[in-house]
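What follows draws every value from the coordinates through simple rules; no lab data is involved. Source: prediction; values computed, not measured. Virtual Cβ from ideal backbone geometry, glycine too; neighbours counted across all protein chains shown.
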Amino acid sequence: MSTVIRISDNLARAAKTRSKVEHRSMTSQLEYWATIGKAAEDNPDLPFSFIKETLMAIEEMKVSPKEEYTFGRA
């Protein structure tokens, strides 16, 4: 489901610029920023890099699921 929202011209320009660098659509860039921002707000003690790496790991698991690691297994 998609919803039309209004954002400032400055935010739209920043998203458009960053989306080109990150090879995303402008909408995907804004969704990414919203996801990161929500995670940071929900977990204020976690550093940005940890949040970003965790979200990347979740997406990687969706693309190619891995098996659970068992300690002591050769």
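State which residue pairs qualify: first residue of a type in the set (D, E, K, R) and inside the stretch 40-69, second residue surrounded by 10 or more Cβ atoms within 10 Å (Cβ to Cβ) in any location, beta carbons under 7 Å apart, and separation of 6 or more residues or different chains.
Filtered contacts from the stretch 40-69: K52/I36.
Give the stretch 18-39 a look and list any residue that's among the β-branched types (V, I, T) and touching a residue at least 12 places away in the same chain (Cβ under 8 Å), or say none.
T35, I36
Can you pull out every residue in the stretch 37-74 that is under 10 Å from the mean Cα position of the chain (by Cα) and either closer than 17 Å to E22 by Cβ or small (G, A, S) (or both)?
Correct list: G37, A39, I51, K52, E53, L55, M56, E59.
Got a number for residues in the stretch 43-74 being surrounded by 10 or more Cβ atoms within 10 Å (Cβ to Cβ) and β-branched (V, I, T)?
Qualifying residue count for the region: 2.
Go through the residues of the stretch 11-21 one by one and say whether even a single one is surrounded by fewer than 13 Cβ atoms within 10 Å (Cβ to Cβ), in a helix (DSSP H, G or I) and of a type in the set (V, I, T).
So far as the stretch 11-21 goes, yes, one or more of its residues are surrounded by fewer than 13 Cβ atoms within 10 Å (Cβ to Cβ), in a helix (DSSP H, G or I) and of a type in the set (V, I, T).
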